[in-house]
């Protein structure tokens, strides 16, 4: 499945999924038996790669979501969506999540006036995300904002001033992640 992990490249014919839609190797075109476990594992791996997390990080997010109140799958997606690197990507300040992660890691963004260089930082409603004053990455961010057509309803972006605001917690209907969170919950609840 095409997850648009490479940013602009996934929109062209150079995308790996466009060139070869089957796994590499001698047995790539073989038939795979679709078991229930395989579907659950693939869904979890898809979510992990979509957000760029390691296994231990993803498991930690799941355990926090399971302890919280509300539906576990929706809570998990809400926690993943409100990571700072994902919010920077959703605001349109980066062409891909990997680029957003690098920009955050290098300290180009501030949350409520304080420099934050932790990609997993959890933003909250009414947080204001701004590009640091005099940042050398300003042109990169401006180029990325030109590619952005719209911003999700739970965020507000000012592309001229390069600022963004978290309006509220995202709801499941507002999260367009191509993941069935119920399969992830079933996998971890075994």
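The values are calculated or read from the model by the stated rules, or taken from the named source; none is laboratory data. This structure is a prediction, so every number in the text was calculated from the model and none was measured. No Cβ is skipped: glycine too gets one built from the backbone with ideal geometry, and neighbour counts run over all protein chains shown.
Taken together, the criteria place residue 149 among residues that are free of Cβ contacts under 8 Å to residues at least 12 places away in the same chain and part of a loop (DSSP other than H, G, I, E, B). Of the numbered criteria (1) free of Cβ contacts under 8 Å to residues at least 24 places away in the same chain; (2) touching a helix residue (DSSP H, G or I) at 6+ places or on another chain (Cβ under 6 Å); (3) not assigned by TED's automatic domain parsing to the domain that holds residue 152, the one residue 44 fails is (1). Scan the range 125-141 and give yes if some residue there is assigned to a loop (DSSP other than H, G, I, E, B) and under 17 Å from the mean Cα position of the chain (by Cα), otherwise no. Checked against the condition, which is being assigned to a loop (DSSP other than H, G, I, E, B) and under 17 Å from the mean Cα position of the chain (by Cα), the range 125-141 yields no hits at all.
Look through the range 155-190, keep the residues that are assigned to a loop (DSSP other than H, G, I, E, B) and in contact with a strand residue (DSSP E or B) (Cβ under 7 Å, 6 or more places away or on another chain), and return whichever of them is farthest from residue 37 (Cα to Cα).
Quick first cut of the range 155-190, residues assigned to a loop (DSSP other than H, G, I, E, B) only: 159-162, 167-171, 175-180, 189-190.
Those left that are additionally in contact with a strand residue (DSSP E or B) (Cβ under 7 Å, 6 or more places away or on another chain): 162, 167.
Values: 162: 44, 167: 38 Å.
The residue in question is 162.
Condition check: at pLDDT below 95 and surrounded by fewer than 15 Cβ atoms within 10 Å (Cβ to Cβ). Does residue 90 satisfy that? No; evaluated as a whole, the condition is false for this residue. Quick check on residue 37: is it surrounded by 10 or more Cβ atoms within 10 Å (Cβ to Cβ), out of contact with any helix residue (DSSP H, G or I) (no Cβ under 6 Å at 6 or more places or on another chain) and in contact (Cβ under 8 Å) with a residue 12 or more places away in the chain? In short, yes. Among the residues making up the range 133-147, those that are touching a helix residue (DSSP H, G or I) at 6+ places or on another chain (Cβ under 9 Å) and crowded, with 16+ Cβ neighbours inside 10 Å are 135, 137, 140, 141, 144. Across the range 148-163, the number of residues qualifying as crowded, with 18+ Cβ neighbours inside 10 Å and within 24 Å of residue 61 (Cβ to Cβ) comes to 2. For the range 73-83, state whether one or more residues are in contact with a helix residue (DSSP H, G or I) (Cβ under 9 Å, 6 or more places away or on another chain), modelled with pLDDT under 95 and more than 17 Å from residue 176 (Cα to Cα). No, because not a single residue in the range 73-83 is in contact with a helix residue (DSSP H, G or I) (Cβ under 9 Å, 6 or more places away or on another chain), modelled with pLDDT under 95 and more than 17 Å from residue 176 (Cα to Cα).
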